[in-house]
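One structure is given here, and the rest of the page talks about it.
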Amino acid sequence: MNATERETRAARARAALDGLSVGDAFGERFFALPEVIAGMLEARTTPKPVWRWTDDTAMALSVVEILEKQGAIAEGPLADAFARRHDREPWRGYGHGAHRILQAIHEGEPWREVSQAAFSGTGSMGNGGAMRVAPVGAYFADDLDAAAEHGRRSALPTHAHPEGQAGAIAIAVAAATAWQTRDAHPAERRETIFDEVLARTPEGETRAGIARARAYGPEADIPTVVRAVGNGSGIISQDTVPFCIWAATRHTDDYVEALWQTVSGLGDRDTTCAIVGGIVAAGGAAPPPAWLNAREPLHGRKH
């Protein structure tokens, strides 16, 4: 890979990072009293700045850091980068399992052992592998098999369970396919994204949920889809990734509409918005300048 190609790939990853981080920070603004949230959604009241980002963005920053340094996902350096950021800002909203894993890695325990030992030795099936992976798909957008493989690798330091890895694979492939189909008709993009994701996501509950989500067309109402496939309330891959792919494929060409529709599904709304924002931004639908400016600046980044 020459320097020009590497920079082109890095630029795609940074675009996906912007979409992911703005989505994360936007969705995070919608954790409040139910009546307040309902009013904001009904009126489409854009939250007041500053929009603070969470662990979703913190971990995605580490992903992009490793891609820019190495041109690939190297699990050991990525685990170390995750642990360093967690140690600097543990208050970013990490889940209890992530706290334990990243603290142990920071203290010198081998990441493979720590990741596999989580949840009584089953490994995590959480949605954290999926929430941070869109930049990987964008980086490898010209090679869907590479996007799937490096997406899987990006999950390994914290998600040893096959479902946690399946979610990362699915979202990486969705982001890559969104880029590949950026000039196609929306209906064609939707079908192609589902085709490629299902072709590469391993068998299991996450893949089964994606197949169920596909059966609901873009005209389906959000509560119906949420009842069928989840909205991230369980904080696991199986009840997060299917909804996110369905939501992203409804509005691949409109970042703002995609995010309003996604947040109205409630559930783990910072993470679902991060995932959807990353996919549609990878496909060329960038967040508007006002939203970028509302988002808390990223450490070491322009915005």
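Brief remarks on what is shown
- Residue list for region 82-103, restricted to those being touching a Pro at 6+ places or on another chain (Cβ under 9 Å) and more than 18 Å from Leu20 (Cα to Cα): Ala83, His99, Ile101, Leu102, Gln103
- Qualifying residue in region 44-53 (condition: open to solvent by 20 Å² or more (accessible area, probe 1.4 Å), over 26 Å from Gly230 (Cα atoms), assigned to a helix (DSSP H, G or I) and at pLDDT 95 or above): no
- Pair list, Cβ under 6 Å, 6 or more apart: region 272-289 residue within 14 Å of Val136 (Cβ to Cβ), other residue among the small types (Gly, Ala, Ser) and surrounded by fewer than 24 Cβ atoms within 10 Å (Cβ to Cβ): Ala281/Ala15
- If the condition is being touching a residue at least 40 places away in the same chain (Cβ under 8 Å) and under 13 Å from Thr57 (Cα atoms), then region 79-101 contributes Phe82, Gly93.
- Looking across region 110-136 at every residue that is polar (S, T, N, Q) and in contact (Cβ under 8 Å) with a residue 40 or more places away in the chain, the one that is most open to solvent (accessible area, probe 1.4 Å) is identified as Gln116.
- Residues within region 90-112 that are more than 20 Å from the chain's Cα centre (by Cα) and within 14 Å of Ser124 (Cβ to Cβ), tallied: 5
- Selection of first residues in region 37-51 that are farther than 21 Å from Asp268 by Cβ and of a type outside the set (Ser, Thr, Tyr) and of second residues that are modelled with pLDDT of 95 or more and open to solvent by 70 Å² or more (accessible area, probe 1.4 Å), restricted to Cβ pairs under 7 Å at least 6 apart or on distinct chains, gives an empty result.
- Region 149-165 residues that are of a type in the set (Ser, Thr, Tyr), paired with ones that are open to solvent by 20 Å² or more (accessible area, probe 1.4 Å) and outside any loop (DSSP other than H, G, I, E, B) (beta carbon under 7 Å, 6 or more apart): Thr158/Ala98
- When Ile37 is tested against (1) part of a helix (DSSP H, G or I); (2) under 15 Å from His299 (Cα atoms), only condition (2) is not met.
- Exclusive hit being small (Gly, Ala, Ser) and over 30 Å from Arg6 (Cβ atoms), set Gly217, Gly164, Gly137: Gly217
- The set of residues from region 253-266 being open to solvent by 10 Å² or more (accessible area, probe 1.4 Å) and out of contact with any His (no Cβ under 6 Å at 6 or more places or on another chain) comprises Asp253, Asp254, Val256, Trp260, Gln261, Ser264, Leu266.
The values are calculated or read from the model by the stated rules, or taken from the named source; none is laboratory data. Since the structure is predicted, the reported quantities are computational estimates derived from the model, not experimental observations. Cβ: placed from backbone, ideal geometry, glycine included. Neighbour counts: every protein chain shown. Each accessible area value is taken on the protein alone, full model and side chains, heavy atoms only, with ligands, DNA and RNA left out. Shrake-Rupley method; radii C 1.70, N 1.55, O 1.52, S 1.80 Å.
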